[in-house]
Amino acid sequence: TRWVYSFGGGGADGEAGMKNLLGGKGANLAEMAKLGLPVPPGFTVTTEACVHYYANGKQYPAELAEQVNAGLAKVEQITGKTFGDTANPLLVSVRSGARASMPGMMDTVLNLGLNDETVSGLAKLSGDERFAFDSYRRFIQMYSNVVLDLDHHMFEEILDDHKDSLGVSVDTALTADNWKAVVADYKTAVARELGRPFPQDPQEQLWGAIGAVFASWMNDRAKFYRRMHDIPEAWGTAVNIQSMVFGNMGDSSATGVAFTRNPSTGDNRLYGEFLINAQGEDVVAGIRTPQSLTKVAREEMGDVAPSMEEALPEVFGQFRDVAIKLEAHYRDMQDVEFTVEQGRLWMLQTRNGKRTAKAALKIAVEMAEGGVITREEAVARVEPAALDQLLHPTIDPSAERDVVAKGLPASPGAATGKVVFDADEAEKLGSAGEAVILVREETSPEDIHGMHAARGIITARGGMTSHAAVVARGMGRPCVSGAGEIGIYPKEGLFRVRGREFKAGDIVTIDGSTGEVLSGSVKMIEPELTGDFAQLMEWADGVRRLKVRANAETPLDAKTARGFGAEGIGLCRTEHMFFDDTRIAAVREMILADDEAGRRAALAKIAPFQKADFVELFTIMEGLPVTVRLLDPPLHEFLPHSEADLAAVAAATGLDAAKLMRRARELHETNPMLGHRGCRLGVSYPEIYEMQVRAIIEAACEIAKSGKPAPVPEIMHPLVAKGEEMKFLRALTDRTAKAVLAEQGVELEYQVGTMIELPRAALRAADLAEAGAEFFSFGTNDLTQTTFGISRDDAGKFLGAYIDKGIFEKDPFVSLDQEGVGDLVRIAAERGRAVKSGLKLGICGEHGGDPASIQFCEQVGLDYVSCSPFRVPIARLAAAQAAL
Ligand code: PEP
Ligand code: MG
């Protein structure tokens, strides 16, 4: 097996296409060498060697040593230097390089090959003894830290002691002799800590560094990063061994990093930083303030220090040409690292640069318009989830952040306002035009008005699909949920966190995209949805097959959804209309009624509201499909819980307090999620669903009569499990609808369908289709809950442990479990369509806005996805990418 690939000297064994084997860095070094760019020669130990190493009890492949020596010999031949030679030593860098870039997560060793003898060789070669010993001490520190596992503080203390006794404050003030003394003390310290001297044999150093890079693949940082970015552990990392070039060899030497375009704005201008007389880690470490690359940038920044363009004009010109060449070659914005050694340019790395959503859009659109890439490529290049950054006001990246707590990034966007602990208070202040942030232990449906009135929501408990999170996303309200460190004391009107106290009325800011709670107000920037955004979305729409609808019930949500390009409503949760302050009294009256007649009387009061709501919704949607889901939550949710609240409600509504209490107790359920909810309500109290169907059809008739585009209402039944249920519900719906149509004298199409939220419904999908369901909408929130048997409201408490331990890769309430829940979706789609080939299929759980889940929906052949209004653009782009 071939474990080693060489590059440099005008050619390479590998190329850019071999990222899996050579890692991103190694593949691109090979590619640059092939392009004839100045790359210090070196070789790459493959990712397969790393995989082999871990698969074989941390043993290197047998042929590796021989191949590494051959690789080294080639580098010696190209450079004319020899590894370990005292007169003309070859020094190398040893760096990690995985398939996907994992910046800063793994280890690097520079200046390897230095020892007590080669350091003199380096001094002679460079004509600079100070430089040679400075390099040696850097090497000892880095190698001891990375390979020998010694604390770097120890070295910093020694250096500080030297500086103190010399009375100097900066490293540059140290002379060659000073560095020699530092080196001697470093070596003594290493020998003391280790019980053996610092390794002098370059071969030993080399294998130590290779081992350390392999080991760093398994360090905690790397593991964490992989989990965050879905990078499989099985990939392994490559190791790049490359001859050193020195940016710290005087004032005609420099080192820097650059982007071929501005990574935060996307502006087509070289952007970056460099330092004269420095080594790579100085730029990153932030010890010295780097200088601008270009003159324009320096002037804009108001820097005093000259730009590279001014300080090293000739080599800057070469660098600019290389940057242009690389971008044209890779057809994407590049992030490069370079070093200038005594006036000579060397390229150390290139890769596609990371960028903000704004920059991604601008770069993709400009490159497509310039004919560099196709429109499909442009669509493929923008990460859908990143669009979130653009859809909400966001915190100015340059603003200072005083983070007081961290929770889950439950609903993106940022908001500033006064702390309020009570939903009614939030509503009162909100309607008076005040910006408030509602802070709750957790939210319940009763808090909806307060959530709506608030600019943002914080909860101490609850996960990504908790009530607060789902509702906040639906409303486009920024929300931080499950910020467990916060202790809330509503009675005292304050919350405490990490020893700090925030009272009602204090100003806080939340960043729902990161989960941070910040003290005070922070500068924001507004979203802009025109220009590049609009252009890319238009291209995406031209590519996708899946339709994109929104989950919306309020007029505002519906308008927002349309503004974002929703092609209909896939889920209108009617219970949210029941919670409205003006109707809750009638709803409670209905719940308290002793018999059907009493219920019907109360329902008659709610009916006009329901109808008016639908008229408004249908009007906004202008003939687009609207799926209305009939009442779903258990009735007890509409009753107050505490005795005090019960009493207050009784007093306010004139309802009988004792009766209210008794009914609340009667309705109490041990396990309400599996209780008297969903269509079970419609089966026990058909009059509720009849009222709702009537309201829907009457509203549609009214629109039709007015000559406006009438919708085809899709009436949807929740939590159906059995064909017989569907049959009953279908008959109820048809009976009521036909009666209304006859009364109104209108001819109008409508459809009846079901949600698929229970494993039994998925397995027996054929029964449901046969019993008259014309469409299925996968309620994957409940389907995930019922498939795993994990409560969606309590999962936050323990899912973290599952994710930490790698049992779950992702929260299944956020990204669809494609194996288990996905199997049920696939089965239901197949079995349903086997009975009814034209069966319309959609998804309306939170997963409908998750790009990975949308990809799955495309594969299974669903007709549409439905998601929160603010996720509609994300879904449009994800659907397009899924179709490519
Ligand atoms: C679902 O269960 O996926 C769904 C959309 O319904 P709800 O979230 O209202 O239970
Ligand atoms: Mg549901």
Taking the highest mean first, how do the peptides 154-164, 732-742 order by number of other beta carbon atoms within 10 angstrom per residue?
-> 732-742, 154-164
Output ordering of 536-544, 661-669 (per-residue mean of other Cβ within 10 Å, highest first) is 536-544, 661-669
Could you calculate the contour length gain from ASP161 to ARG221, that is, 0.36 nm times the residue separation minus the distance between their Cα atoms, to one decimal place in nm?
-> 18.5 nm
Tilt, helix 851-860 to longest principal axis of the chain (alpha-carbon atoms), in degrees rounded to tens, equals 60 degrees
13 Å Cα-Cα reach of LYS810 towards aspartates and glutamates, excluding residues that sit fewer than 8 places from it in its own chain | ASP230, GLU819, ASP850
Net charge, VAL746 excluded, C-beta distance under 10 Å - Lys, Arg +1, Asp, Glu -1 | -3
What is the set of long-range amide H partners of LEU348 at a cut-off below 5 Å, with H atoms built 1.01 Å from backbone N?
-> GLU337, PHE338, THR339
In degrees between 0 and 90, to the nearest 10, how far off the longest principal axis of the chain does helix 657-667 point, with axes built from Cα atoms?
-> 60 degrees
With the dipole of the stretch 389-525 worked out from charges on the C-beta (+1 for Lys and Arg, -1 for Asp and Glu) around the Cα centre, which of ILE458, VAL404, THR443 lies farthest toward the positive end?
-> VAL404
Which Cα, out of ALA323, PRO290, SER307, lies furthest along the positive dipole direction of the stretch 254-358 (beta carbon charges, K/R +1, D/E -1)?
-> ALA323
Place a +1 charge on the Cβ of each Lys and Arg in the stretch 105-206 and a -1 charge on the Cβ of each Asp and Glu, then give the dipole magnitude about the Cα centre in debye, rounded to the nearest 20.
-> 240 debye
Other residues with Cβ under 11 Å from the Cβ of MET537 give, with Lys and Arg +1 and Asp and Glu -1, a net charge of -1
Semi-axes of the equivalent ellipsoid of the stretch 389-525: what are they in whole Å, largest first, if each equals the square root of 5 times a C-alpha gyration tensor eigenvalue?
-> 18, 17, 15
Of the candidates ALA209, TYR136, LEU125, the farthest towards the positive dipole end of the stretch 4-243 (Lys/Arg Cβ +1, Asp/Glu Cβ -1, centred on the Cα centre) is ALA209
In the chain, what % of DSSP beta bridges are antiparallel (nearest 5)?
-> 65 percent
Low-density loop positions, GluC sites (Glu not before Pro), the stretch 687-791 - DSSP coil, at most 11 other Cβ in 10 Å = GLU747, GLU749
Could you grab the relative contact order for the chain? Cα pairs under 8 Å, six or more apart, rounded to a whole percent.
-> 9 percent
Which whole-number percent of Cα pairs in the chain have a distance greater than 40 Å?
-> 49 percent
For the Cα atoms of the chain, what angle does the longest principal axis make with the long axis of helix 64-79, in degrees from 0 to 90, nearest 10?
-> 60 degrees
When we measure straight from the Cα of LYS547, which lysines land under 19 angstrom away, once same-chain ones fewer than 8 places off are left out?
-> LYS559, LYS840
What is the gain in length, in nm to one decimal, between LYS708 and VAL168 on full extension, counting 0.36 nm per residue of separation less the C-alpha to C-alpha distance?
-> 186.2 nm
Based on the inverse mean of 1/r over its pairs of different Cα atoms, what is the Kirkwood hydrodynamic radius of the stretch 275-395, in Å?
-> 16.6 Å
So how many Å³ per residue does the convex hull of the Cα atoms of the stretch 582-646 work out to?
-> 110 Å³
In debye, nearest 20, what is the charge dipole magnitude of the chain about its Cα centre with +1 on Lys and Arg Cβ and -1 on Asp and Glu Cβ, if you could check?
-> 1520 debye
Taking the Cα centre of the stretch 254-358 as origin and charging only Cβ (+1 Lys, Arg; -1 Asp, Glu), how large is the dipole, in debye to the nearest 20?
-> 400 debye
Starting from the Cα of LYS418, draw a straight line to each of the lysines and keep only those under 16 Å, dropping any in the same chain fewer than 8 residues away.
-> LYS428, LYS503, LYS523
Around GLY113 (Cβ within 12 Å, Cβ-to-Cβ, excluding GLY113; K/R +1, D/E -1) the net charge comes to -4
Determine one quarter of the surface area of the Cα convex hull of the stretch 732-884, which equals its mean projected area, and express it in nm² to one decimal.
-> 11.1 nm²
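Where a number appears in this text, it was derived from the coordinates with a stated rule and is not lab data. Not measured: the values here are computed from a predicted model. Please note: Cβ atoms are built from the backbone with ideal geometry, for glycine as well, and neighbour counts cover all protein chains shown.
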